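The values are calculated or read from the model by the stated rules, or taken from the named source; none is laboratory data. Because the structure is predicted, anything quoted here is derived from the model rather than measured. Cβ sites come from the backbone with ideal geometry, for glycine too, and all protein chains shown count toward neighbours.
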Amino acid sequence: MGRHRSDPMGLARLALAVLAAAMVVTLLVIGGRALFAQLDTPERPGLGRQARTATAQPPSAAAQVPTVRIECVADTCPLVTVRVPGGDVLQYRDMSRGEEVSYFEPELDVVLTDAATVRVTANGTPRPQGDPGEREAFTVQGS
């Protein structure tokens, strides 16, 4: 009568609680990865920043030449940065093959991590492509 035994159901409850906690953590990790993957996908043509910059201009802006146009010609174009000097960062991300962006701001700073992977047009004039692995930084004034 004086013996004490562990209740076998107590161990099962503990195992279920650990399993439930592990499932919650797993779901959070999967959801977080899916969210980050969605944020890193290229914008669909006609939507996103390119469309916003075009609609922010007067109706005749569609006929204007962009201040800078960047097109990715490699499978992956590492970190392409475009910003308004002293202002907003418009793009700070990798690009994928065939993706292109155009900006119409009056002045832009552009930094290309690998200048050979992108084709850049400044005010309608193509810029020469850099050497593979060459970092290039330049400022473009609108015309």
Original post:
Looking only at segment 116-132, which residues are surrounded by fewer than 18 Cβ atoms within 10 Å (Cβ to Cβ) and either farther than 15 Å from V73 by Cβ or outside the structural domain of P66 (by TED's automatic domain parsing) (or both)?
Top reply: N123, G124, T125
Subject >> Selection count where residues are in a loop (DSSP other than H, G, I, E, B), touching a helix residue (DSSP H, G or I) at 6+ places or on another chain (Cβ under 9 Å) and either among the hydrophobic types (A, V, I, L, M, F, W, C) or closer than 21 Å to T125 by Cβ (or both), scope segment 66-112 >> reply: 5
**OP:** Looking only at segment 92-108, decide whether some residue is in contact with a Pro (Cβ under 6 Å, 6 or more places away or on another chain), over 11 Å from R69 (Cβ atoms) and of a type in the set (A, V, I, L, M, F, W, C).
**Re:** no
